[in-house]
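Engineer: This is the structure I have questions about; it appears just below.
Read-outs throughout are calculated quantities, based only on the coordinates presented, and are distinct from any laboratory measurement. Quick caveat: nothing in here was measured; it's all calculated off a predicted structure. Glycine gets a Cβ as well: all are built from the backbone with ideal geometry, and neighbour counts include every protein chain shown.
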Amino acid sequence: MAKNQHKDYKGAIADLKKALAINPNDAVAYVNLGNSYIFSANYGTAIQYYNEAIKLNPDYANAYNTRGIAKYFYGDKKGACVDINKAASLGFSGAKASLARYCR
């Protein structure tokens, strides 16, 4: 995800879509694509990609956490907290900080 680190979100999105064309069952790639859309402030699209990751791996705690963050910025605070709580219940270590920040 070097392109995301260099704020080349369009490049990261293009690369991840190519990767998913090769392997459409890569839940991590869907989360990374969602992250690229969050960084681009395109929260609705990010949520769609997190949904795909969760369909592929219903126990993917990080996908719930990041979808929750996207929902928060999209204006769905209740949905955000449901997702972040799910991430916590699945043992995601960053969920406690997300709960404190987004679900007060």
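Engineer: Counting helices only, and only those DSSP H runs with n ≥ 4, report the 222 nm mean residue ellipticity of the chain as the sum of -39,500 (n - 2.57) divided by its residues, in deg cm²/dmol to the nearest 500. Before the final figure, lay out each step's value.
Structural biologist: On the way: 7 runs with 80 residues, N = 104.
Calculated from helices alone, the mean residue ellipticity at 222 nm is -23500 deg cm²/dmol.
Engineer: Identify the residues of segment 54-68 with backbone N under 18 Å of a label point that sits 7 angstrom from the Cα of N25 along the Cα-to-Cβ direction, or state none.
Structural biologist: Correct set: 54-60.
Engineer: If contacts are Cα pairs under 8 angstrom and at least 6 residues apart, what is the relative contact order of segment 19-61 in percent? Present the calculation step by step, with values, prior to reporting the outcome.
Structural biologist: Values: 36 pairs, mean separation 16.8, N = 43.
Taking the mean separation of contacting Cα pairs over the length of segment 19-61, I get 39 percent.
Engineer: Calculated FRET efficiency, A100 and K17, Cβ-Cβ r, R0 25 Å, to nearest 0.05?
Structural biologist: On the way: r = 34 Å, r/R0 = 1.34.
The calculated FRET efficiency here is 0.15.
Engineer: Another one. How would you classify segment 1-61 from its alpha-carbon gyration tensor, with a ≥ b ≥ c the square roots of the eigenvalues: rounded for a/c under 1.5, else prolate if a/b is greater than b/c, otherwise oblate?
Structural biologist: Working: a/c = 2.01, a/b = 1.36, b/c = 1.47.
Cα axes put segment 1-61 in the oblate bin.
Engineer: Applying the Karplus parametrisation 6.51 cos²θ - 1.76 cosθ + 1.60 with θ = phi - 60° to the phi angles of segment 35-40, what ³J(HN,Hα) value in whole Hz is obtained for each residue in order, glycine and proline being reported as x?
Structural biologist: Here the 3J(HN,Hα) series is 4, 4, 6, 4, 4, 8 Hz.
Engineer: Roughly speaking, what is the stretch gain from F39 to V82, that is 0.36 nm per residue apart minus the C-alpha to C-alpha distance, in nm to one decimal? Could the numbers behind the result be given before it?
Structural biologist: Values: separation 43, 0.36 × 43 = 15.48 nm, distance 2.18 nm.
Extra length available between F39 and V82 comes to 13.3 nm.
Engineer: On to the next question. For a quick check of your reading of the filter: which trypsin sites (Lys or Arg not before Pro) in segment 1-98 sit in a DSSP loop and have no more than 12 other Cβ atoms within 10 Å?
Structural biologist: Details: sites: K3, K7, K10, K17, K18, K55, R67, K71, K77, K78, K86, K96; in loops: K7.
Passing both the DSSP loop test and the Cβ count: K7.
Engineer: Expressed as a rounded percentage, what relative contact order does the chain have, with Cα pairs under 8 Å and six or more residues apart?
Structural biologist: On the way: 143 pairs, mean separation 19.3, N = 104.
It comes to 19 percent, rounded to a whole number.
Engineer: Any chance you could run the full-extension gain for F73 through K10? It's 0.36 nm times the residue separation minus the Cα-Cα distance, nm to one decimal.
Structural biologist: On the way: separation 63, 0.36 × 63 = 22.68 nm, distance 2.00 nm.
Taking F73 through K10 to full extension adds about 20.7 nm, to one decimal.
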